[in-house]
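Please read the structure below before turning to the comments.
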Amino acid sequence: MARALVVYESIFGDARKIAEAVAEGLKGSHDVDVVAASEAPHEVDVDLLVVGGPNHGFSMPRESTREGAVKQYGAVVEDTKHGLHEWLDAVRLAQGTRAAAFDTRSDHPKLLIKMDHASKTEEKLLKGLGATLVADAEHFYVTDAKGPLVDGEEERASQWGRSLAGKVS
């Protein structure tokens, strides 16, 4: 059976829920592991790598935005210095790795939605590692900075996982 790895960063838990839902969608055709970026392996050899996290400061979380989430919103972040971006900077992928990216973002206001670029950065980093993107990045919506997810987003994430599985089977 094909192997997949879903690596996520989550500040308030929403990106973790999306990662788990994507994994559920992949389970029919893949052995899947879901892991936080802080615990992800530094060498990856899988048939499909899916990465994702929240938009923070119009891009991927970084140390300053993680610290801001802790101070401003009471987020529980064990290590503000390391997240998905840092993991993608350090990981080594097997040749021929296929990948996809997602982000979580506010469902309003429309201007901010267009300025959020976490998944674009994730895709750029994946390409820089030699990965082949199998789908355009997917965006999942939250109702506020601290969540929750908009109704139906977990099911949509599971469907996206099934779609990804079909693209790499």
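Each Cα pair under 8 Å and six or more residues apart adds its sequence gap; the mean of these over the residue count of the chain is a relative contact order of 29 percent. Here the dipole of segment 2-168 is about 420 debye; that uses its Cα centre as origin and unit charges on the Cβ of Lys and Arg (positive) and Asp and Glu (negative). Close amide H pairs (under 5 Å, H built 1.01 Å from N) link Glu138 with Ala101, Phe102, Asp103, residues at least 5 positions away or on another chain. Under a 5 Å amide H cut-off, with hydrogens placed 1.01 Å from N, Thr97 pairs with Thr132 among residues at least 5 apart or on other chains. Computed from phi, the 3J(HN,Hα) profile of segment 89-103 under the Karplus parametrisation 6.51, -1.76, 1.60 (θ = phi - 60°) reads 5, 10, 5, 10, 9, 5, 4, x, 4, 9, 8, 8, 10, 9, 9 Hz, with x in place of Gly and Pro. For segment 127-144, 3J(HN,Hα) computed residue by residue from phi via the Karplus equation (6.51, -1.76, 1.60; θ = phi - 60°) reads 4, x, 8, x, 6, 9, 7, 9, 7, 5, 4, 10, 10, 10, 9, 10, 7, 7 Hz, glycine and proline entered as x.
Considering only the other residues whose Cβ falls under 14 Å of the Cβ of Ser169, what net charge follows from Lys and Arg at +1 and Asp and Glu at -1? The partial results should precede the final answer.
Values: positive: Arg3, Lys27, Arg98, Arg162, Lys167; negative: Asp31, Asp47.
That works out to +3.
Between Lys167 and Lys127, the C-beta separation translates, for a Förster distance of 25 Å, into a calculated FRET efficiency of about 0.90. A cut-off of 5 Å between modelled amide H atoms, ignoring neighbours fewer than 5 places along the same chain, links Ala2 with Asp31.
Within the shell defined by Cβ-Cβ distances under 11 Å, the residues around Val34 carry a net charge of -1, with Lys and Arg each +1 and Asp and Glu each -1. What do you get for the angle between helix 14-26 and the principal long axis of the chain? Use alpha-carbon atoms, 0 to 90 degrees, nearest ten. For 14-26 against the chain, the angle is about 20 degrees.
Converting phi to 3J(HN,Hα) with the Karplus coefficients 6.51, -1.76 and 1.60 and the offset θ = phi - 60°, segment 65-78 yields 6, 5, 4, x, 5, 5, 6, 7, 10, x, 4, 9, 10, 5 Hz in sequence order, with x at every glycine or proline. Listed options for mean projected area of the Cα convex hull in nm² are [x] 13.8; [y] 12.3; [z] 8.6. The value calculated from this structure is the one marked [z].
Just so you know, all these numbers are worked out from the coordinates, no wet-lab data involved. Source: prediction; values computed, not measured. No Cβ is skipped: glycine too gets one built from the backbone with ideal geometry, and neighbour counts run over all protein chains shown.
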